[in-house]
Amino acid sequence: MAKRLFVKTYGCQMNVYDSARMADVLAPLGYGPADHAEEADMVILNTCHIREKAAEKVFSELGRLRKIKTARAEAGQRMILAVAGCVAQAEGEEILRRAPFVDIVLGPQTYHRLPEMVAQAARAGGAVLDTEFPAEPKFDFLPEPLAQGSSAFLSVQEGCDKFCTFCVVPYTRGAEYSRPATAILAEAAKLAQGGVREITLLGQNVNGWHGDEGWGLGRLIRALAEVPGVERLRYTTSHPRDMDDELIRAHAELPQLMPFLHLPVQSGSDRILAAMNRGHDRDTYLRLVDRLKSVCPDLALSSDFIVGFPGESDADFEASMDLIRQVGFVQTYSFKYSPRPGTPAAAMDQQVPEPVKDERLAQVQALLMEQTTRFNHSCVGREMRVLLDRPGRHAGQLLGRSPYMQPVHVKAAAHLIGTVVNLRITKVHPNSLEAIPA
Ligand code: 5AD
Ligand code: SF4
């Protein structure tokens with residue numbers, strides 16, 4: 001009998017990709033998608049550990065799922081409950097201690113073993129814990145991805161060796177690993193055959209990707225642009241230290257590479273950048289932005305910022321505000337610093353008081369919002385290539401994405417779904433742009 005799987009995903013795009021791949025791994029076991037946990041034979045929480053309260057959120061969700069699991073058991077139906085992702089990696093033992101009704105705890109590097117874990121959980125009845133960093137890369141054991149829609153993620157690189165002092169990723173995702181170019185090109189070809197037109201390359205340090213024969217990400221993107229059917233390419237998240245000449249050249253020369261780059265700087269203060277162990281200073285970042293914009297004048301940038309890192313003074317914070325004004329970002333994420341257990345910054349003196357962090361976050365978010373709004377308004381009257389990827393909310397309307405990831409809606413026929421069309425932007429709505437055929 002068909003079984004149903006419900007996956008709840010927290011956190012980054014890498015987790016979104018992993019959730020889809022976990023569903024691919026379980027499909028041969030007869031699992032199809034469920035819309036709610038209530039009707040699922042298996043539930044996976046794919047968790048994120050990057051900021052505070054993530055673990056608490058997981059425990060409260062587990063409390064809710066426990067009731068559903070019990071109700072199903074009373075009706076004679078089993079529910080396998082699995083916790084995956086970075087909280088599982090960091091706090092696996094703790095999860096099993098506090099939530100003994102969980103059947104499987106698995107880290108981000110072992111989900112190719114899910115079928116064995118499911119079998120083991122069914123046999124033993126006890127919990128299965130697998131948070132190893134196995135020698136064999138999981139990618140070698142995953143089935144081919146099922147293409148869904150016209151836009152897809154493709155994981156090319158994972159893990160991180162940079163050890164920014166605030167970040168848990170090097171501990172939860174493990175050491176840097178780059179998939180071979182041949183495997184990536186084959187996966188891209190499969191996706192394109194399945195109707196995918198836009199591929200976003202994913203990696204914690206995606207531009208740290210390196211292949212055989214000295215290939216870097218710029219070279220890989222050049223090869224991907226040749227894959228029949230692939231019309232648009234993006235990559236995220238990049239580190240300023242790994243933006244090499246070849247990648248910058250790709251922005252200049254490849255029309256398939258979208259002119260939108262997420263290039264987190266985190267802070268505009270040299271003192272804080274050094275304490276964060278970012279490996280570059282403010283000036284290096286600004287010069288990099290200048291170079292990118294000089295080869296690709298319509299390039300738009302986004303970034304992540306952390307406010308209230310230990311020791312951040314008013315002057316340091318002002319330096320971040322100043323950098324934001326100087327660069328002009330189009331869509332940016334800002335966070336209050338949150339001490340992550342086991343990271344160097346959590347043990348630093350001079351933790352910034354919470355009310356100061358709140359105040360700085362409000363200021364930085366107001367400025368970033370102003371910049372996003374200004375950018376959106378500057379798009380009115382412009383012609384843009386938009387990938388139409390689904391029906392809109394109203395009849396006769398389609399929804400797509402601009403090169404800058406803005407949602408765009410337009411009156412158009414349904415057969416245009418999955419195509420890139422030329423549109424003229426006519427209006428800005430709170431969460432989208434409106435357009436007409438150009
Ligand atoms: N506190 C606050 N923000 C963090 N980030 C990563 N670790 C922390 C932390 N401890 C942010 C960074 C990163 C984004 C994914 O999350 O800005 O780029
Ligand atoms: Fe974390 Fe820094 Fe690695 Fe990004 S580069 S994943 S912020 S340690």
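Some values worked out for this structure:
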quantity	calculated
Wholly within the stretch 1-119, helices (runs of 4 or more DSSP H) carrying at least 3 residues that are open to solvent by 60 Å² or more (accessible area, probe 1.4 Å) and at negative phi	54-74, 85-98
Hits in the stretch 229-256 - residues which are in contact with a His (Cβ under 6 Å, 6 or more places away or on another chain) and either within 27 Å of Leu388 (Cα to Cα) or aromatic (Phe, Trp, Tyr) (or both)	Thr236, Thr237
Among (1) of a type in the set (A, V, I, L, M); (2) surrounded by 18 or more Cβ atoms within 10 Å (Cβ to Cβ); (3) in a helix (DSSP H, G or I) - the single one Leu388 does not satisfy	(3)
Checking His377 against (1) within 30 Å of Ser267 (Cβ to Cβ); (2) under 23 Å from the mean Cα position of the chain (by Cα), the condition it does not meet	(2)
Looking only at the stretch 170-185, and only at residues there that are more than 16 Å from ligand 2 (Cβ to nearest atom) and within 24 Å of Arg113 (Cβ to Cβ), the one that is most open to solvent (accessible area, probe 1.4 Å)	Thr182
Tally of residues being open to solvent by less than 20 Å² (accessible area, probe 1.4 Å), within 16 Å of ligand 1 (Cβ to nearest atom) and not polar (S, T, N, Q) across the stretch 262-290	9
Considering residues of the stretch 127-148 that are out of contact with any Ser or Thr (no Cβ under 8 Å at 6 or more places or on another chain) and open to solvent by less than 30 Å² (accessible area, probe 1.4 Å) only, the residue modelled with the lowest pLDDT	Pro145
Scan of the stretch 321-352 for residues that are open to solvent by less than 60 Å² (accessible area, probe 1.4 Å), within 16 Å of ligand 2 (Cβ to nearest atom), outside any loop (DSSP other than H, G, I, E, B) and within 26 Å of Cys379 (Cβ to Cβ), ordered by number	Ser334
Residue within the stretch 252-261 that is within 18 Å of Phe153 (Cα to Cα), surrounded by fewer than 22 Cβ atoms within 10 Å (Cβ to Cβ) and within 16 Å of ligand 1 (Cβ to nearest atom) present	no
Options Met22, Met79: the member that is in contact (Cβ under 8 Å) with a residue 24 or more places away in the chain and farther than 27 Å from Cys167 by Cβ	Met79
Test result for Ile272, in the same structural domain as Phe335 (by TED's automatic domain parsing), within 27 Å of Phe305 (Cα to Cα) and not in a loop (DSSP other than H, G, I, E, B)	yes
Top-ranked residue in the stretch 246-271 [being polar (S, T, N, Q) and more than 20 Å from the chain's Cα centre (by Cα); ranked as farthest from ligand 2 (Cβ to nearest atom)]	Gln256
Checklist (1) within 20 Å of the chain's Cα centre (by Cα); (2) without any contact (Cβ under 8 Å) to a residue 40 or more places away in the chain; (3) more than 30 Å from Thr419 (Cβ to Cβ) applied to Ile221, failing item	(3)
Residue match in the stretch 236-255 (condition: under 16 Å from Val16 (Cβ atoms), in contact with a strand residue (DSSP E or B) (Cβ under 6 Å, 6 or more places away or on another chain), of a type in the set (Asp, Glu) and at pLDDT 95 or above)	no
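Residue by residue, here is whether (1) of a type in the set (Val, Ile, Thr); (2) away from ligand 2 (no atom under 16 Å from the Cβ); (3) open to solvent by 50 Å² or more (accessible area, probe 1.4 Å) holds:
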site: Ser150; (1), (2), (3): no, yes, no
site: Phe153; (1), (2), (3): no, yes, yes
site: Glu158; (1), (2), (3): no, no, no
site: Thr165; (1), (2), (3): yes, no, no
site: Val168; (1), (2), (3): yes, no, no
site: Ala188; (1), (2), (3): no, yes, no
site: Leu191; (1), (2), (3): no, yes, no
site: Gly195; (1), (2), (3): no, yes, no
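The values are calculated or read from the model by the stated rules, or taken from the named source; none is laboratory data. Worth saying up front: this structure is predicted, and the values here are computed from it rather than measured. Note that we place each Cβ from the backbone using ideal geometry, even for glycine, and neighbour counts take in every protein chain shown. Surface accessibility is based on the protein's heavy atoms, side chains included, excluding ligands, DNA and RNA. Shrake-Rupley method; radii C 1.70, N 1.55, O 1.52, S 1.80 Å.
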